[in-house]
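Since the structure comes first, as structure tokens, the remarks are kept for the end.
Laboratory data are not the source of any read-out in this text; all were calculated from the coordinates shown. Computed from a prediction, not measured in an experiment: that's the story for all the values here. Glycine gets a Cβ as well: all are built from the backbone with ideal geometry, and neighbour counts include every protein chain shown.
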Amino acid sequence: MSNVLDKALGVPVAALQLRAMRTKVLAENMANADTPNFKARDIDFKAAMRQAQGELMVLNTTQANHLQPPGSAPQPPELLYRYPFSPSLDGNTVETQAEQAKFAENTVNYQATLTILGSRITGLIGALRGE
Amino acid sequence: MSLFKVFDVAGSAMSAQTVRLNLTASNLANAETVASSAEEAYKARHPVFAAALKAVQNANDAPVPVQVQGVVESQAPAHVMYNPAHPLADANGNVYRSNVNTVEEMVNMISASRSYQNNVEVMNTSKELLLQTLRLGS
């Protein structure tokens, strides 16, 4: 059943999870804006999205007692390090303005994804009611 | 859900900035205090921030909050002032004023205040996003 629902809701679910994760990563950057030697991080949304949409790597099993490796579950997106425009003396690579801009962008994208997901849910409810 | 961790992260940053603001207030309040020896003179205190990275080694999506690792006292020399009339003056007629750099403290105060505001905004935005997610489909 959940598989049917997952298919009906589609891509926006994965996008929403990735956006939520990016919100967390950007919040960490801004929280550590004054921490010496902290390196700002981010995820490559495009690559992470491709990874989330791609077919899962599942091993072929020919026997009932063959196990799937733990890595066959979807991997969390890779965290990359940001390249600073102007490195600071204390080794911190957080640029608060840039982070704020990215946070705002991410928020708007999150809300856009929510809207898409919301309209899909409304459509599903409409289909279920037969209206 | 990653959004819930934002509250931990932004909250830790807010408490760290509060510690910094507290120390700045203490430094500014004691900027003009004098003592009878260089050792007794008030020394400016500053927090040491560090990213709490220990938890990250265990889990990939663990949050990275800020922690205040400790408070260090400034090693700058105390200001020596010759004032024999002062009740705290030593045998040579000197009093020792604290080594607080007022300009530096004001800058610290503004920086701490801006960082705090920034984290409040992050928290507010994340709260809004969470509430919107909860209202999904209604």
ask   = Taking K and R as +1 and D and E as -1, what net charge do the other residues with C-beta under 11 Å from the C-beta of B:A78 add up to?
value = 0
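Averaged across the residues of A:13-21, what count of C-beta atoms belonging to other chains lies within 10 Å of each residue's C-beta?
Working: counts 0, 0, 0, 5, 2, 1, 3, 10, 5.
Going residue by residue through A:13-21 and averaging, the value is 3.
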query = In a solvent-free Debye calculation with one equal scatterer on each Cα, what is log10 I(q)/I(0) for chain B at q = 0.09, 0.22 Å⁻¹, listed in the order of the q values?
reply = -0.44, -1.21
Eligible lysines near B:K43 by straight Cα distance, threshold 17 Å, same-chain separation 8 or greater = none
query = Relative to the longest principal Cα axis of chain B, at what angle does helix B:2-29 sit, 0 to 90 degrees, rounded to 10?
reply = 10 degrees
task = Could you work out the Rg to Rh ratio of the protein assembly as shown, with Rh taken as the Kirkwood radius (inverse of the mean 1/r over all Cα pairs)?
result = 1.18
note = In chain A, taking the dipole from +1 charges on Lys and Arg beta carbons and -1 charges on Asp and Glu beta carbons about the Cα centre, the listed residue (A:A27, A:S88, A:L67) farthest towards the positive end is A:L67
inquiry  = Need one number: the % of Cα-Cα pairs in region B:77-130 sitting beyond the 18 Å mark.
reply    = 61 percent
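Regarding chain A, what's the average projected area of the Cα-atom convex hull, expressed in nm²? Show your work: numbers first, answer last.
Values: hull surface 45.7 nm².
Reported value for the Cα convex hull: 11.4 nm².
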task = Mind giving me the FRET efficiency for B:Q67 and A:L128? R0 is 51 Å, r the Cβ-Cβ distance, nearest 0.05 is fine.
result = 0.55
